[in-house]
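Visitor: Take this structure, written in structure tokens, and hold onto it; I'll ask about it next.
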Amino acid sequence: MIPLTKDVAALIGEWAEGVENRSLLHEKYALPKVWGTGDGGKLNDAGRWSVLRIVTRGAELLNKDANNLSYQAQRLQTKNPDKADKLERDSIVAGKMANFARVDASLAKVGNDNARRFLADLDKSFKGSIVTFEATLGSRMMVNLAGGVVENAGIALDRCFGLPLIPGSAVKGITRVQALWEIHEAKGDEKIRLLRLAMLLFGYGAHDLRGDFGWAGGPREAQAIADQIGAQDFKGCACFLPAYPTTPATLVVDMVNPHYPIYYRGGSQRAEDNENPIPNYSPAVEAGSTFGFAALLNRVPDLPNITAAGLLAQMKEWLERAVTRKGVGAKTAAGYGWFELGRKEAVAPSASTPRSATITTSAMPASPVDQLIFRFKNLNTKDNFPAALPQMAALASEADLRRAFETLVPANERNKLRKINPYWQAFTSGKAGGDGQKILARLGLKLN
């Protein structure tokens with residue numbers, strides 16, 4: 001059972017089956033691997049079952065686990081009764097975990113309505129000092145993956161509605177990273193202009209002048225701007241608010257499957273193919289959900305050439321590019337967490353449509369190459385671009401392949417076809433590296 005005091009168990013049930021809020025269920029009432037099994041055994045699937053309890057189809061999947069375990073136990077009853085008993089025990093536990101309060105769909109709708117109304121109220125209340133917009137997930141998203149009770153299976157959920165959210169600190173973090181990269185790549189006066197705006201918006205400490213801002217724009221330049229501002233430590237002028245879903249959000253279970261657990265733990269000098277993979281399960285937000293983003297100014301410094309309009313415009317550009325190019329949360333290098341600007345109304349998927357596909361009522365281009373460019377038009381960084389390689393490699397026409405390549409790959413990277421370039425290392429290695437190598441070969445390109 002789940003470890004509970006007697007009074008709490010009497011209130012919500014021994015398996016927390018009376019808890020409807022997904023945030024409370026996941027953070028406070030996770031199932032330990034070793035607790036109350038009676039035989040000193042270990043529940044190896046405890047983490048998976050705790051994750052399944054909060055996803056949209058959780059009860060269905062848990063009941064399926066329970067039935068499969070019971071079937072295996074019956075088959076082994078004669079040959080291996082000890083193992084059969086453990087499987088039957090696990091089956092009972094999975095069945096108990098499947099019995100939990102269902103999420104009230106009307107309450108989730110209230111949460112979505114509140115999020116949309118909140119954006120509208122912010123625009124009215126802070127007119128001239130705030131930027132707001134909506135963006136739709138084009139892929140699955142994992143936020144706060146390392147912050148949960150279950151190891152590497154956390155997710156950021158609203159305490160009231162149990163809906164997924166993106167913390168304001170995460171929104172600020174990705175926007176700041178986007179700003180630093182753009183400053184680093186800028187030249188001349190534009191670099192100084194962007195560095196100054198970033199230091200005002202995000203704030204800085206003395207260590208940042210030699211650290212992040214020193215790396216992006218140069219330590220001397222950062223120090224000179226700090227002298228102009230008149231402070232070695234400065235509180236940022238921008239406040240980044242949490243992003244809440246404005247359309248229904250679907251929670252799903254995702255997994256990574258390490259194929260060499262012994263090697264990764266240091267138990268072997270080589271990664272051999274005779275090891276047993278051990279899947280790790282984690283919750284994710286399915287593609288197609290729309291989130292509302294908001295960032296506002298808490299003040300405008302009295303400095304030359306600094307205006308509220310200028311700060312807001314730059315803040316919005318960085319934030320929009322961060323969510324559409326860099327992505328939000330974990331595993332962005334594998335294509336997770338990227339958005340398309342605007343609200344997309346999801347429609348029911350057909351039987352042939354993958355669950356992770358983005359399905360919207362927005363008009364999509366007709367040809368495969370146009371659809372590819374439309375979907376991946378913002379994935380032009382070395383971190384996220386490999387997500388598009390399999391579809392690009394599948395283009396039959398050489399002309400279409402070249403058009404997609406020249407549209408999606410930045411010109412500055414196409415001009416630096418070198419093996420030591422991190423962009424092309426990501427392009428030709430990893431899960432989609434084989435597709436990247438085929439694309440270059442078909443186009444007659446070779447890395448020097």
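Visitor: Need the full-extension length gain, LYS83 to LEU341, defined as separation in residues times 0.36 nm minus the C-alpha distance. One decimal, nm.
Guide: Length gained, LYS83 through LEU341: 87.6 nm.
Visitor: Please compute the contact order of the chain in relative form: average sequence separation of alpha-carbon pairs under 8 Å and at least six residues apart, divided by the residue count, as a percent.
Guide: Once normalised by length, the contact order is 16 percent.
Visitor: Once you have a ≥ b ≥ c as the square roots of the Cα gyration tensor eigenvalues for segment 1-132, tell me rounded if a/c is under 1.5, and otherwise prolate or oblate according to whether a/b is larger than b/c.
Guide: Prolate shape, in that a/c is at least 1.5 and a/b is the bigger ratio.
Visitor: Return ILE192, ILE92, ILE2, ILE166 ranked ascending by Cβ neighbour count within 10 Å, so the fewest neighbours appear first.
Guide: Lowest count first: ILE92, ILE192, ILE2, ILE166.
Visitor: Now for a different question. Testing the spin-label approximation: label points 7 Å from Cα along Cα→Cβ at ILE262 and SER125. State their distance in nm.
Guide: Label-label distance for ILE262 and SER125, simple model: 5.9 nm.
Visitor: Nearest 10 degrees is fine. How inclined is helix 188-202 to the longest principal axis of the chain, computing both from alpha carbons?
Guide: Roughly 50 degrees between the two axes.
Visitor: How about LYS6: which lysines have a C-alpha closer than 21 Å to its C-alpha, ignoring those fewer than 8 places off in the same chain?
Guide: LYS28, LYS33, LYS96
Visitor: Per DSSP helix of 4 or more residues, -39500 (n - 2.57); summed, then divided by the residues of the chain. What does that give at 222 nm, rounded to the nearest 500?
Guide: -13000 deg cm²/dmol
Visitor: Oh, and also: Which of LYS6, LYS109 comes first, and how do the rest follow, when ranked by fewest Cβ neighbours within 10 Å?
Guide: LYS6, LYS109
Visitor: Another question, then. How much FRET efficiency would the formula 1/(1 + (r/R0)^6) give for GLU60 and ASN415, where r is the Cβ-Cβ distance and R0 is 56 Å, rounded to 0.05?
Guide: Computed FRET efficiency for GLU60 and ASN415: 0.60.
Visitor: Still on this model: Need the list of lysines near LYS187 for cross-linking: C-alpha distance under 30 angstrom, and skip anything on the same chain fewer than eight residues off.
Guide: LYS172, LYS235, LYS316, LYS326, LYS377, LYS382, LYS416, LYS419, LYS446
Visitor: Per-residue counts of other Cβ atoms within 10 Å, averaged by peptide: what ranking do you get for 222-233, 242-253, highest first?
Guide: 242-253, 222-233
Visitor: Just to be sure I understand, if you calculate mean projected area of the Cα convex hull in nm² for this structure, which of (i) 24.9; (ii) 39.7; (iii) 27.6 do you get?
Guide: The value matching this structure is (iii).
Visitor: Ranked by Cβ crowding within 10 angstrom, fewest neighbours first, how are ASP85, ASP104, ASP302 ordered?
Guide: If I rank by nearby Cβ atoms, fewest first, I get ASP302, ASP104, ASP85.
Visitor: For the residue pair ASN305 and HIS184, what label-to-label distance in nm results when each label sits 7 Å from Cα along the Cα-to-beta-carbon direction?
Guide: 2.5
Visitor: Mind ordering 63-71, 12-20 by average Cβ neighbours within 10 Å, highest first?
Guide: Most protected by this proxy first, the peptides run 12-20, 63-71.
Each reported figure results from applying straightforward, stated rules to the coordinates on display, with no laboratory input. Model, not experiment: these values are computed from the prediction. Every residue, glycine among them, receives a Cβ derived from its backbone with ideal geometry; neighbour counts consider all protein chains shown.
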